[in-house]
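Following: one structure in structure tokens, then a few remarks.
Quick note: the coordinates plus some simple rules give every number you see, no bench work behind them. Since the structure is predicted, the reported quantities are computational estimates derived from the model, not experimental observations. Because the Cβ atoms are built from the backbone with ideal geometry, glycine has one as well, and the counts that use them run over all protein chains shown.
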Amino acid sequence: MSSHSSDTVIADQEKHQAQGGVNTWEKDPERQLSRPPEPDRDANTDGMSTPASITNQYEVTLGPEDDPKRIGTGRKWVITLVICNAALCATFASSIASFTETGLQRDLHTVREVTILSISLYVQGLALGPLLFAPLSEVYGRNNVYRVSYFLFWVFTWPIAFPPDIETFLVFRFLTGFSSSAFLSVAGGSVSDLFDNKQVATPMGVYTLSPFFGPVLGPLISGIICQNTDWHWAYRVCLIYEFVTLVSLLVFVPETYVPVLLKRKAARLRKKTGNEKYWAPLDRREGSLTHAIMASIYTPFKLLLFDKMALSLNTWNALTLGILYLTFEAFPVIFGDVHGFTFQETGLAFLGMGVGMIAALSTQGLWNRYHDTVAARHGGKLPPETRLVMGMVGAVLAPRRALLDGVHDVPRGAVDPADHRILALRRGDHLHLHVDVHLPRHRVPPDRRERDGEQHRAPLLVRRRVPAVRRADV
């Protein structure tokens, strides 16, 4: 390389920087943490050492037109609501089996203890799926994971809606839970990709609410269907819902993961210019996909063993989510067998949970102001422990709900039926706990989010789902 050509390259680079072409990856502290090691400064071309400035000039940067945070506010909320709907659909499918057990026993010639597995195996799939989908999303992007996983979710529901035998039904219940779990481990990252740290609290609160509202709607719809028509239609409704959701994902949700956007931009530039020197940080990522998957499986258990706070929060979440899924078996017994409710009326009893969640979400503005006040007292940085205050409020409501269950679950005739309907709504109070305690767990600080990728979510998802599979003992 001649001295003239080197001077020309450096001059072009300086001109590019003067025009505002400074690497936006380096300017953004949230993205800088996920940057791979710098290229080898001692690499040479034509026997001459190449300065780092010449090598780095081919690193692709994120322009304003590529940055997901610069998308219009209206479109951001459309994307967020579509993702929230997909998360709701995933958990809706888990609880819709609540009132299909009688039909399963009759038509597939099995016993009640086996039909209970229709919920348990689905929830087990929800627990294990994030261990695979989290690392895949960091290599192939969030959108590809969404589309493939949701397509499989829809396909695997067909054998459930038209089951030849109980074995096929149960196997595909596990597979549908596994496939749908991407929206419980990856979707939160999409929301944080779209909004700045100061704006992300409210949309993240809406997203957090969605997977908890699904289990409320599932029994409600299932009770109406199973009382008025064949139980197969509960899962056929799932098929329709999943297909509509899949189409909305394909139409409205773009890729938002910055490293993947940079990789795609580098590929376009290489193809357009014929210059193979263009590169993105993800192109030089060290380690294989297999290593990333193994790290995703290993990291959650490492956090549980060595991080006492993670262990405490995840144990608490495991207990509360286990109780939530136990209600799918307990409510039909309490309200149907003890109090004489029909399927439809028992399904309406789950609305109390929805009331509790909406009430909890309505307090989000107060918590935002509280966090702003605390952050102002600490130089603009919010202490992480501050977010636990929301969980403290929920911790008071949870035992109160359990106490009400024990006091009021008396045989039919001992209490007026109208009182039972009021109590069913009051049971929703404990969902304040679920929203309040999960909001701080989903809002991972930006530096932690970029350093650990999606792996910070896996311990929570595994621990909080696994206890629900033990409901067969009830």
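Pairs spanning more than 31 Å between alpha-carbon atoms, out of K69/K272; K198/K265; K271/K302; K198/K272; K277/K381: K271/K302; K198/K272; K277/K381.
By the scheme Lys and Arg +1, Asp and Glu -1, what is the net charge of all other residues having a beta-carbon under 11 Å from that of W231? Don't skip to the end; give the middle numbers.
Values: positive: R106, R236; negative: E101, D107, D230.
Neighbour charge sum, excluding W231 itself: -1.
Assign one of three labels to the stretch 191-252, namely rounded, prolate or oblate, based on the Cα gyration tensor with a ≥ b ≥ c the square roots of its eigenvalues; rounded applies when a/c is under 1.5, prolate when it is not and a/b is larger than b/c, and oblate otherwise. Oblate shape, in that a/c is at least 1.5 and b/c is the bigger or equal ratio. Separation of the stretch 183-260 from the stretch 329-353 is 25 Å, based on Cα centroids.
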